[in-house]
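Data block below; observations after.
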Ligand SMILES: [Zn+2]
């Protein structure tokens, strides 16, 4: 069983003490590929260093996270654009709209997302989207940009069935992570009605650890916990869910 972890910040500071061990634990747990979303200018070096150290397993994306969009976002966005011109990446991301803590920079977040949707088209890359308390705002821009060539993932999907269906109709996938294992996560009412072919697995580590590690540091080795929960919700064998999500991720990210 080879799982694809489609969203791991394994380069982050939280893994400084044991990054190599965390990577070994992931591989031992059946995670064959780890995709790493960028956050902003401060995370690029650490991300690319990890990729260089583990080129068979870890693959970098390039993008600007909406929570890093502030007064100087144009400089960050230029850096994203320069990196995409310089070398291959598996995706543009993560990017999107986040209004959970702060709505001050909504216009700037919208502009940054528009530009990254444009870059995804230019480089024919999938786009990895982060939306938090901003599904409509993000969806609107993705739908506006969709000309049939865009693909990608609404990462950390935690909305309702209506939103899931709209994402699928747009030709996008749902990233399923630790929230699926939470008692109050709500996905137990949604995922049984969503086709398995629209789902990919992720942890979003170091955040959102699945049960029984909820509240602790998350890591890619916990991905099988998400797999088993998803399989139980869908009433399917874990092997079948592993195969399908791996096939979907391989096709989407051109692995
Ligand atoms: Zn993330």
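The values are calculated or read from the model by the stated rules, or taken from the named source; none is laboratory data. Given the structure is predicted, the values throughout are model-derived calculations rather than measurements. Here Cβ is always computed from backbone atoms with ideal geometry, including for glycine, and neighbour counts include all displayed protein chains.
At a glance:
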{"read-out": "Test for residue 222: is it over 11 Å from residue 181 (Cα atoms) and either assigned to a helix (DSSP H, G or I) or touching a helix residue (DSSP H, G or I) at 6+ places or on another chain (Cβ under 7 Å) (or both)", "value": "yes"}
{"read-out": "Contacts under 8 angstrom Cβ, first residue in segment 33-51 being away from the ligand (no atom under 14 Å from the Cβ), partner modelled with pLDDT under 95 and in a loop (DSSP other than H, G, I, E, B), 6 or more apart", "value": "33/2"}
{"read-out": "Single residue of 111, 137, 94, 51 found to be surrounded by 16 or more Cβ atoms within 10 Å (Cβ to Cβ) and under 20 Å from residue 169 (Cα atoms)", "value": "137"}
{"read-out": "Residue identified as more than 16 Å from the ligand (Cβ to nearest atom), buried (at least 22 other Cβ atoms within 10 Å of the Cβ), within 19 Å of the chain's Cα centre (by Cα) and at negative phi among 3, 10", "value": "3"}
{"read-out": "One residue from 86, 118 being exposed (fewer than 15 other Cβ atoms within 10 Å of the Cβ) and within 16 Å of residue 150 (Cβ to Cβ)", "value": "118"}
{"read-out": "Any chance residue 99 is under 25 Å from residue 176 (Cβ atoms) and more than 14 Å from the ligand (Cβ to nearest atom)", "value": "yes"}
{"read-out": "Tally of residues being touching a helix residue (DSSP H, G or I) at 6+ places or on another chain (Cβ under 8 Å) and either touching a residue at least 40 places away in the same chain (Cβ under 8 Å) or in a loop (DSSP other than H, G, I, E, B) (or both) across segment 161-185", "value": "9"}
